[in-house]
Every structure is written in structure tokens, then in C-alpha cells.
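The values are calculated or read from the model by the stated rules, or taken from the named source; none is laboratory data. In this text the structure is predicted, and so the values were computed from the model without any measurement. Cβ sites come from the backbone with ideal geometry, for glycine too, and all protein chains shown count toward neighbours. Accessible surface is based on the protein model in full, side chains and every heavy atom, while ligands, DNA and RNA are left aside. Shrake-Rupley method; radii C 1.70, N 1.55, O 1.52, S 1.80 Å.
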Amino acid sequence: MLNELKKLKDQAIKEIQKSKALDQLRGLEVKYLGRKGELTKLLRRVKDLTIEEKPKFGQLANEVKQELSRLFLDFKDRLEPSTPGSSGAGEYLDLTLPGRRYLQGHLHPHTLIQYQLEEIFSNMGFLVLEGPELESEYYNFESLNVPPAHPARDIQDTFFIKDKANQVLRTQTSNQQVRVMEKYGAPLRAVFPGRVFRNEATDSSHETTFYQWEGLMIDKDISIAHLISTMKTMLKGIFKQEVAVRLRPGYFPFVEPGFEVDVSCVICQGKGCTVCKKSGWVEMIGSGLVHPSVLRAGGLNPEKYSGFAFGMGLTRLAMMKYGIDDIRLFLSGDLRFLNQF
Ligand code: DAH
């Protein structure tokens with residue numbers, strides 16, 4: 001009977017390999033593996049075998065069954081009329097089908113602007129440093145010449161943290177100024193990108209969470225000329241054109257003198273539009289020469305060193321660059337907005 005089994009297997013394999021159509025193959029499957037098929041017939045005769053022969057026969061019969069089943073599947077696959085993408089023998093490639101579009105991620109406008117600024121400032125030799133968002137009142141205010149209860153605190157509506165004494169969500173990236181002076185000393189060139197928080201009622205130009213970009217340069221004999229040329233280099237790098245700036249006196253407790261740097265409106269080229277409120281200028285950057293008490297807080301001697309500092313809304317800059325008129329879009333997660341970048 002073992003021989004019969006082997007013969008049956010060889011015969012089946014031969015016939016399967018010769019089969020040319022699916023119908024033929026299905027017929028063979030029934031002939032050999034069907035309920036009334038050859039293999040089943042042989043198996044019915046197991047009862048005539050001796051006790052010793054039975055297991056051997058059983059095992060071989062199983063192997064034959066598995067091998068033939070695999071072979072049937074394999075050939076079915078080859079004979080099946082193929083669909084595009086299948087591995088069947090008759091597979092065809094329809095070159096007229098449109099390609100599949102892959103969804104690719106892209107950078108958020110905040111990140112785009114930040115990367116551009118990082119490149120511009122790295123080229124000028126500035127370090128790019130990030131700092132903590134949960135900050136002590138000391139670095140966010142006191143070290144910057146804003147003592148507790150000073151009216152200048154009112155300018156920045158602050159999130160105080162309930163269970164953490166003297167901790168705030170930083171209101172400005174200026175929190176980094178004294179930190180980096182302590183860490184790196186002078187001379188020093190560094191920029192600080194980062195997220196800041198204010199307890200604001202939101203509207204099209206105010207958000208509770210936004211991004212700033214801050215810079216600090218300290219050396220011997222640093223003057224306002226260094227500040228202006230750095231600002232112009234930065235603006236030219238971002239807007240790819242010469243951008244005029246205008247300095248007005250401005251009050252920030254950590255600089256003396258302090259300035260508001262107005263930027264010639266790049267939307268209307270200074271002619272006057274809704275973005276610049278018909279003035280041709282957009283208020284964009286706070287700046288000044290670092291106050292002697294801030295230098296001292298950073299462990300530096302104001303008799304020896306001077307420096308400039310500036311800070312601005314990175315979000316604002318992105319609005320200007322990309323012509324975005326509502327700040328709330330940035331964190332809205334609205335794909336109709338984000339997919340434009
Ligand atoms: N930190 C200020 C703000 O959030 C901006 C600023 C003004 C930064 C003057 C500076 C500066 O470094 O010198 O409004």
C-alpha cells in the first residue's frame with residue numbers, strides 16, 4: 001500500500017503540472033483529494049494494515065496530502081486570471097493608471113521660519129539655544145530688572161503655577177538672557193527661539209501661546225549700529241529683499257536705551273495697506289542695549305562689556321512673511337491652513 005501511495009503522489013504531481021486551465025486543475029483536486037478521491041480511497045483501506053504498518057502509512061499519507069494541497073494552490077495562483085498587483089503569471093501593468101499619491105508630512109510655518117532664522121544667525125556666529133518653558137520668576141522677571149510688584153509686570157499677563165511657588169509659564173524668551181550669561185560669560189552671541197505663554201483673551205492678533213525669537217550679543221564696545229545691521233541682515237534673509245527699519249524709543253525694563261524697531265511693510269512695500277494700518281511701517285521688534293543691572297545679574301562687568309538684545313514674535317514674523325491674517329490659525333490644527341505650507 002505504501003507503494004500505491006507513492007505512485008498516486010507521482011501520478012498526481014505529473015497531472016497537476018500538465019494542467020493548463022483552472023477547470024482542469026479543480027477536476028484534479030477532486031479526483032485526488034476529494035471526498036471520494038484516490039487518496040481518500042486508499043486511506044479507507046488502512047484498517048487492513050498491521051499495527052506496525054499503520055503509523056508509517058498514516059504519516060506518509062499526511063505528507064502526500066499536504067504536498068498536493070500546496071501544489072494545487074500554487075498552480076491555481078499561476079492559472080488565475082491576474083489582477084493588477086497580484087503575483088500571478090498573467091500579471092499586467094497598466095501604465096495608464098494614475099500614480100498613487102503618497103501623503104507626505106511637512107513643516108509647520110513656525111518651524112519653517114525658525115529654521116530660516118537659525119541658518120541666518122548661525123552664519124553670523126550666533127549659538128542657537130533653547131530654554132525652559134516652566135521658569136522661575138527670577139529668570140522671567142527679576143533678573144531682567146523687573147522686581148516683584150513692579151508695574152512693568154502688568155505688561156505681560158502671566159500664568160502663575162498654583163502648587164509651585166515662584167514658577168511661571170515664561171512670558172518671554174528674554175528668560176534666557178541671564179541664564180546664558182551665567183553659563184557662557186562674555187563675549188557672547190546667542191539666539192533663543194521658543195514658545196511663550198500669556199493669559200490673553202484671544203482674537204485675530206492675540207494668543208495664549210505663541211513663539212518668540214530673541215537674540216543677545218555681548219562684547220566690548222557693542223553699539224546700536226551692531227543692533228541695526230543685525231536686524232537688517234535678519235530681515236533681508238527672511239524677506240529676500242532689503243527691508244528698511246525705523247527705531248523709536250520704547251520701554252523695556254531690561255534695556256537702556258530701549259527701542260521699538262519698526263519694519264517697512266513688505267506687503268505694500270511701505271505704501272500703506274491694512275496690515276500696516278496705512279502707515280507703511282509694522283511694529284515688529286523690541287530691542288535695546290542691555291541694561292547694566294541685567295549684565296550684573298549675569299555676572300558681567302558693565303564697565304567692561306556692553307551688548308544689545310532684541311526680541312520679537314516669531315508668529316508675527318510668519319504672519320508677515322506668509323500673509324496670514326489670523327494668529328489663531330497657527331495652533332488650530334486646521335489642515336486646510338496647514339497644507340498650504
Ligand atoms: N521680551 C519682550 C516682549 O516679550 C521683547 C523684547 C524687548 C526683548 C526688548 C528684548 C528686548 O530682548 O531687548 O515683549
With the condition kept exactly as written, say whether any residue in the stretch 15-23 is part of a helix (DSSP H, G or I), crowded, with 16+ Cβ neighbours inside 10 Å and not aliphatic (A, V, I, L, M). no
Considering only residues of the stretch 320-332 that are open to solvent by 50 Å² or more (accessible area, probe 1.4 Å) and of a type outside the set (D, E, K, R), which is nearest to the ligand (Cβ to nearest atom)? 331
Test result for residue 314, under 17 Å from residue 190 (Cβ atoms), in contact with a Phe, Trp or Tyr (Cβ under 7 Å, 6 or more places away or on another chain) and touching a residue at least 12 places away in the same chain (Cβ under 8 Å): yes
Across (1) within 23 Å of the chain's Cα centre (by Cα); (2) surrounded by fewer than 16 Cβ atoms within 10 Å (Cβ to Cβ), residue 223 clears everything bar (1)
Got a number for residues in the stretch 131-150 being assigned to a loop (DSSP other than H, G, I, E, B), over 21 Å from the mean Cα position of the chain (by Cα) and within 17 Å of residue 194 (Cβ to Cβ)? 1
Would it be correct to say that residue 191 is assigned to a helix (DSSP H, G or I), in contact (Cβ under 8 Å) with a residue 12 or more places away in the chain and open to solvent by less than 30 Å² (accessible area, probe 1.4 Å)? no
For the stretch 248-287, the count of residues that are under 30 Å from the mean Cα position of the chain (by Cα) and small (Gly, Ala, Ser) equals 1
Exclusive hit being more than 17 Å from residue 300 (Cα to Cα) and in contact with a Gly (Cβ under 8 Å, 6 or more places away or on another chain), set 197, 210: 210
Output the residue which, of all residues in the stretch 45-84 that are closer than 30 Å to residue 22 by Cα and of a type in the set (S, T, N, Q), is least open to solvent (accessible area, probe 1.4 Å). 82
For the structure I just gave you, tell me whether residue 134 is assigned by TED's automatic domain parsing to the domain that holds residue 178 and either among the hydroxyl-bearing types (Ser, Thr, Tyr) or touching a residue at least 40 places away in the same chain (Cβ under 8 Å) (or both). no
Can you find a residue that is at pLDDT 95 or above, assigned to a helix (DSSP H, G or I), within 13 Å of the ligand (Cβ to nearest atom) and surrounded by 15 or more Cβ atoms within 10 Å (Cβ to Cβ) anywhere in the stretch 113-130? no
Pairing a residue in the stretch 165-177 that is outside the structural domain of residue 215 (by TED's automatic domain parsing) and more than 9 Å from the ligand (Cβ to nearest atom) with any residue that is open to solvent by 10 Å² or more (accessible area, probe 1.4 Å) and part of a helix (DSSP H, G or I), where Cβ atoms lie under 8 Å and the two sit 6 or more apart in sequence or on different chains, gives none
Can you tell me how many residues in the stretch 225-265 are within 10 Å of the ligand (Cβ to nearest atom) and either of a type in the set (S, T, N, Q) or in a loop (DSSP other than H, G, I, E, B) (or both)? 5
Go through the stretch 1-15 and report how many residues are modelled with pLDDT of 90 or more and out of contact with any helix residue (DSSP H, G or I) (no Cβ under 7 Å at 6 or more places or on another chain). 5
Among the residues of the stretch 205-220, count how many are open to solvent by less than 50 Å² (accessible area, probe 1.4 Å) and out of contact with any Leu (no Cβ under 8 Å at 6 or more places or on another chain). 3
Enumeration of residues in the stretch 287-319 that are in a helix (DSSP H, G or I), open to solvent by less than 10 Å² (accessible area, probe 1.4 Å) and in contact with a Pro (Cβ under 7 Å, 6 or more places away or on another chain): 295, 314, 318
